[in-house]
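J.: Mind looking over this structure? Questions follow.
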Amino acid sequence: MNRFAPLFVVFAASLWGIDGILLRPNLYTLPVPLVVFLESFIIVLVLSVFYIRSYKSFYKLKRNDWLAFLGVAIMGGAVGTMAITKALFYVNFVNLSIVVLIQKLQPAFAIFLASVFLKETPPKKFYRWAALAVTGAYIMTFGLAIPNIGLENKTIFAAGFALLATIGFASSTVLSKRALKNIEFSQATFLRFLSTALIMSLIVLATGNFSSVTEVSSNQWLIFISIAFLTGGPGIFLYYYGLKHIKATVATIAELAFPLTAVLLEFFMRGNILGPIQWIGLIILFYSILRVTRLEKN
């Protein structure tokens, strides 16, 4: 079965591409905190069927374990997910595949944050490749021109939220190393979404967005359920199953199915395609991240 492990990562990454281009943008009429709360809450309900009997193992977790899960929920579940959701809500203004492609900067941010918080010193070459990756992401997003900074330039806002999401998810990756110390990854997945649902419930109540739940259309409820059963649940399990049996460098290549799916769907569904200069930036980004991941492996 191990020889098929990369296919599990490819399939999971493709599902995330479908989420980013076809599913989540259709929720743009709803407040972002409410979207993230409902998504997490539905996933918790689904996973509770499988892990409600595992609650005794949660008693073994210590204070630092719970703090790590809290950090994962805040940075990945709340900040990261709200930011990428907001970025994808610019569906009528920007090429969404760019928003998805910016996520490929995550390994660079994860290694940098690990060096700061976990004292995992990266080699000197890391900073060179990371800088080149950021340059590639800039060229992919804006081309060679200096973007106009103003409220009318939605690309800047979409790219900014996508970058914030990348930092949030990278922080979550670093904190997950501590969170997974004393618990199985499947149970950790449940706790991650449970913690996120609790945090997002407080944010929704504080912002007064909970009343907007009556504005959720029947079609949008179907989208929430699709996200829960495609990307939130099975997508994560397929990804981690495959990741368990392959090397990090192989996983990075397999994960390219995520942006590739996004680029293809954005073209076939909306007719948007990257320009020649943007493709050059994309190649620089991908090559730099592959080199960064190889440094991480070594």
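J.: Return the residues of the range 84-143 that are touching an Asp or Glu at 6+ places or on another chain (Cβ under 7 Å) and hydrophobic (A, V, I, L, M, F, W, C); say none if nothing qualifies. Walk me through how you get there before you give the answer.
T.: Looking only at the range 84-143, we keep the residues that are touching an Asp or Glu at 6+ places or on another chain (Cβ under 7 Å), and these are 95-97, 107, 111, 114.
Correct list: L96, I111, A114.
J.: Quick one: how many residues across the range 49-74 are more than 25 Å from V36 (Cα to Cα) and aromatic (F, W, Y)?
T.: Matching residues across the range 49-74 total 1.
J.: Quick test for you: out of A5, A12, A78, A68, pick the one residue that is part of a helix (DSSP H, G or I) and within 25 Å of V213 (Cα to Cα).
T.: Checking each option against the conditions leaves just A78.
Condition check ((1) within 26 Å of Y28 (Cβ to Cβ); (2) buried (at least 20 other Cβ atoms within 10 Å of the Cβ); (3) touching a residue at least 12 places away in the same chain (Cβ under 8 Å)) across all residues:
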{"residue": "T166", "(1), (2), (3)": "yes, yes, yes"}
{"residue": "A197", "(1), (2), (3)": "yes, yes, yes"}
{"residue": "L202", "(1), (2), (3)": "yes, no, no"}
{"residue": "A206", "(1), (2), (3)": "yes, no, no"}
{"residue": "N219", "(1), (2), (3)": "yes, no, yes"}
{"residue": "L222", "(1), (2), (3)": "yes, no, no"}
{"residue": "F229", "(1), (2), (3)": "yes, no, yes"}
{"residue": "G233", "(1), (2), (3)": "yes, no, yes"}
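J.: For the range 139-169, which residues satisfy the criterion of being touching a Gly at 6+ places or on another chain (Cβ under 9 Å) and assigned to a helix (DSSP H, G or I)?
T.: I139, M140, T141, F142, I156, L164, A165, T166, I167, G168, F169
Residue-wise test of (1) free of Cβ contacts under 8 Å to residues at least 60 places away in the same chain; (2) touching a strand residue (DSSP E or B) at 6+ places or on another chain (Cβ under 9 Å); (3) closer than 30 Å to N272 by Cβ; (4) among the β-branched types (V, I, T).
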{"position": "F4", "(1), (2), (3), (4)": "yes, no, no, no"}
{"position": "G17", "(1), (2), (3), (4)": "no, no, yes, no"}
{"position": "L27", "(1), (2), (3), (4)": "no, no, yes, no"}
{"position": "L30", "(1), (2), (3), (4)": "no, no, yes, no"}
{"position": "I42", "(1), (2), (3), (4)": "no, no, yes, yes"}
{"position": "K60", "(1), (2), (3), (4)": "no, no, no, no"}
{"position": "W66", "(1), (2), (3), (4)": "yes, no, no, no"}
{"position": "A83", "(1), (2), (3), (4)": "no, no, yes, no"}
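Rule-based calculations on the coordinates, nothing more; no lab input. Note that the coordinates shown come from a computational prediction; the quantities given were computed from them, not determined experimentally. Neighbour counts run over all protein chains shown; Cβ positions are idealised from the backbone, glycine included.
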